[in-house]
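Nothing in this text is a laboratory measurement; each read-out follows from the coordinates by a stated rule. Treat the numbers as computed from the prediction; the structure is a model and nothing was measured. Glycine gets a Cβ as well: all are built from the backbone with ideal geometry, and neighbour counts include every protein chain shown.
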Amino acid sequence: MITTYYQLAAEAAETEHNPIIPLWQEVVLGIIAFGILCFVLMKFVFPMMEKTFAARVDAIEGGIKRAEAAQAEANQLLEQYRAQLAEARTEAARIRDEARADAEGIRQDVLAKAREESDRIIAAGNEQLAAQRESIVRDLRSEVGTLAVDLASKIVGEALADEARSRGTVERFIDELGAAGSAGGRR
Amino acid sequence: MTGQSTVLAADVPFPPSVEDFYLPSIVPWGGHDSYWFTKITALLWISVALIIIFFLVTYRKPKLVPTKKQWIAESIYGFVRNNIAVDMLGKRGINFAPYLTTLFVFILLMNFWAIVPFAQISPNSHIAFPAVLAVISYVMFIYIGMKHHGGLKYFKHALIPPAPWFILPLLIPIEFFSTFIVRPFSLAVRLFANMFAGHMLLLVFTLGGFAMLNANVWFAPFSVVSWAMTIALTFLEFLVICLQAYVFTVLTASYVQGALADEH
């Protein structure tokens, strides 16, 4: 085998190779091999990489977008809360105002009622006073009559005593009284 | 020591020749006129398989928050996509990013075999592979140009620069020559020659070390220097590997850019 190797080597040495002339077998194999390589890499590998790159960009941009959306939502919520707060404040102010107005109204009512009551009481007092005065006046008037009659009778009686110191009259008077008294006592 | 070195050096032909790039085939074993299954084509298939497996494994279940492997795969694609395709072609570059990335990764790994122990030869040091890639780039930019400008108008656009009429007879042949003839060759030859020369350099310094040792034992220190140079050159080779992959990709993108350009 070694001898054939050397024989072949000797033969080959005679057939000069020109390095600038391509060997057609190698050209064919080169085309096939490189073709296979291109087919596999350009069909199965690099498009996948492009897809992955795109997905990565998408993920990052999507993340940013999501963050922006969350931010916007948060802002909106804040705005909403602020609006609600302002609304609540105005509501509270309104309620306070109303309460104040109510209190004022109630106060006015109470005052009015009190005034009315006092008026009523005063009126009742006045009336009572008037009635009492009336009755007093009536009483006085009747008393004045009796007093007048008494006075008159006293004055008249004095006069009578002064004028006619007659036992007869006085005694008659006493008798009358006594009689009236006994008669009354018996009955 | 002397015996050992002669044994070592007995197998070492010096100086290295073009024939060192045409290794005996693997199937049939040792064949010299069979090129279907050689170390070169084996490395080609291994490259393709490694790249496909790498990307399919790392990108089987892509997640929004990438795992470490997924991140590496995405970084490779993202590098070509953003730093070459989008930078040069704008938004339209995204459509070309998959092809440019495939091209970049393929050339990079094919070049990389030049410094991988036990492989230590790049398939791209055979002009067939750079030529295939260059022809694809060539056909692609012409096709894109014709599609963008509408058929033959592209050639009018590409060939006739806005210049005074009396210069045009000079300019049109130059434009034609540089755009439609030189481009595919320059692309292919640049990559091929870099890898070829890199391999040749490493061969020269490695084999040179043995050759000097073989010639005279007292040259041993020079052999050591020679091998140290090999290591240094391997780092240089790494730079060239990355640079050439990048350059090929950038130039392809730039040709597409030229085809898509509306102004000169």
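Counting Lys and Arg as +1 and Asp and Glu as -1, each charge on the Cβ, what is the dipole of the range B:48-145 about the Cα centre in debye, to the nearest 20? Walk me through the intermediate numbers first.
Values: 8 positive and 2 negative charges, 92 e Å.
With Lys and Arg at +1 and Asp and Glu at -1, about 440 debye.
Quick check on chain B: helices-only [θ] at 222 nm, where DSSP H runs of length 4 and up contribute -39,500 (n - 2.57) each and the sum goes over total residues. Nearest 500, please. Don't skip to the end; give the middle numbers.
Details: 9 runs with 172 residues, N = 264.
Calculated at 222 nm, the ellipticity per residue is -22500 deg cm²/dmol.
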Listed residues B:W36, B:F192, B:S137: farthest to the positive end of the dipole of the range B:2-260 (Cβ charges)
B:S137
What ranking do B:K69, B:K39 get, fewest neighbouring Cβ atoms within 10 angstrom at the top?
B:K69, B:K39
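For peptide B:61-74, what's the mean number of Cβ atoms from other chains within 10 Å of each residue's Cβ? Intermediate results must be reported in sequence, preceding the final value.
Values: counts 1, 8, 3, 6, 2, 2, 0, 0, 0, 2, 0, 0, 4, 4.
Across B:61-74, the average partner-chain Cβ count within 10 Å equals 2.
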Which order do B:R60, A:R56 fall in if you start with the one that has the fewest other Cβ atoms within 10 Å?
B:R60, A:R56
Of A:V137, B:Q120, B:H149, which is farthest along the charge dipole of the protein assembly as shown in the positive direction, counting Lys and Arg as +1 and Asp and Glu as -1 at C-beta?
B:Q120
By the mean-Cβ-within-10 Å protection proxy, highest first, B:216-225, A:30-39 rank as A:30-39, B:216-225
Please give the charge dipole size of the protein assembly as shown, origin at the Cα centre, charges +1 on K and R Cβ atoms and -1 on D and E Cβ atoms. Round to the nearest 20 debye.
700
Can you compute the FRET efficiency between A:Q76 and B:A228 using 1/(1 + (r/R0)^6), with r the Cβ-Cβ distance and R0 = 45 Å? Round to the nearest 0.05.
0.05
Nearest 10 degrees, 0 to 90: helix B:183-215 Cα axis against chain B principal axis
10
Counting Lys +1, Arg +1, Asp -1, Glu -1, what net charge surrounds A:R120 among other residues with beta carbon under 14 Å of its beta carbon?
-2
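Hey, which of these cross-link pairs are over 20 Å Cα-Cα: A:K43/B:K39; A:K51/B:K147; A:K43/B:K61; A:K43/B:K63; B:K63/B:K91? Before the final figure, lay out the partial values.
Working: A:K43/B:K39 29 Å; A:K51/B:K147 27 Å; A:K43/B:K61 15 Å; A:K43/B:K63 18 Å; B:K63/B:K91 25 Å.
Beyond 20 Å between Cα atoms: A:K43/B:K39; A:K51/B:K147; B:K63/B:K91.
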Within the range B:238-264, name every residue whose backbone N is under 12 Å away from a label modeled 7 Å from Cα of B:L171 along the Cβ vector.
B:264
Simple spin-label estimate for B:V116/A:E176, 7 Å along Cα→Cβ, in nm, reads 17.6
Using alpha carbons only, how many angstrom separate the centre of the range A:21-99 from the centre of the range B:35-108?
27
Roughly how crowded by other chains is peptide B:126-134, in terms of the mean Cβ count from those chains within 10 Å of each of its Cβ atoms?
6
Separation in nanometres of the label points that stand 7 Å from Cα toward Cβ, at A:R56 and A:F44:
2.2
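For B:192-202, what's the mean count of beta carbons from other chains sitting within 10 Å of each residue's beta carbon? Show your work: numbers first, answer last.
Working: counts 3, 2, 0, 0, 2, 0, 0, 0, 1, 0, 0.
Going residue by residue through B:192-202 and averaging, the value is 1.
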Mind checking which of B:F55, A:A55, B:I181 is farthest towards the positive end of the protein assembly as shown's charge dipole, using Cβ charges of +1 (Lys, Arg) and -1 (Asp, Glu) about the Cα centre?
B:I181
Counting other beta carbons within 10 Å of each Cβ, put A:D119, B:D262 in order, fewest first.
B:D262, A:D119
Determine, for each peptide in B:44-53, A:67-76, A:42-51, B:189-198, the mean count of other beta carbons within 10 angstrom over its residues, then list the peptides with the highest first.
B:189-198, B:44-53, A:42-51, A:67-76
Tell me the label-point distance for the pair B:L239, A:R100, using the 7 Å Cα-to-Cβ offset, in nm and rounded to one decimal.
9.2
